[in-house]
Amino acid sequence: MAKTAQKQPKRQKHIPLRTCISCRETKSKRELLRVVRTPDGHVMIDATGKKSGRGAYLCARLSCWENAIKKHRFEQEFELPLSEEDRAGLDAYIATLPKDEPATTVAAKGSSTHKKGSNNSEAPNT
């Protein structure tokens, strides 16, 4: 007897995940920006994601970049102090980032969701 070929469902392509060194959110590699410590010890933005060296990932939010600089996350990840030249390069890039949304708009968006077990249409018992 001949076996009939059945089509198997296509496998979902593997999406590499990375963690932002500032806010610790896990996102796909393409959503985060890579900063690399090159073999000669310089720290720079890696727009292509293919430069050789130790990499660290950050969100494209201004607050994440400011927090990473303030809390010395780059020094911790790369295990060396940032030179003035590298710091100036990162500061120049940070200046190009747009401002974050105010926290009140984010909180307002999240408040419209209903919690399990609550019914907002009922009046409180008095």
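Every number here is computed from the coordinates shown, using simple stated rules; none is lab data. Remember, predicted model here, so these are calculated numbers, not experimental data. A quick note on method: Cβ atoms are made from the backbone with ideal geometry, for glycine too, and the neighbour counts reach across all protein chains shown.
Backbone phi angles across segment 59-65, fed through the Karplus curve with coefficients 6.51, -1.76 and 1.60 (θ = phi - 60°), yield HN-Hα couplings of 5, 8, 7, 4, 4, 5, 5 Hz in residue order; Gly and Pro are listed as x.
Solvent-free Debye calculation, one equal scatterer per alpha-carbon of segment 17-100: log10 I(q)/I(0) at 0.14 Å⁻¹ equals -0.41.
Suppose R0 equals 35 Å; then what is the FRET efficiency for GLN76 and GLN12 from their Cβ-Cβ distance, rounded to the nearest 0.05? It comes out at approximately 0.55.
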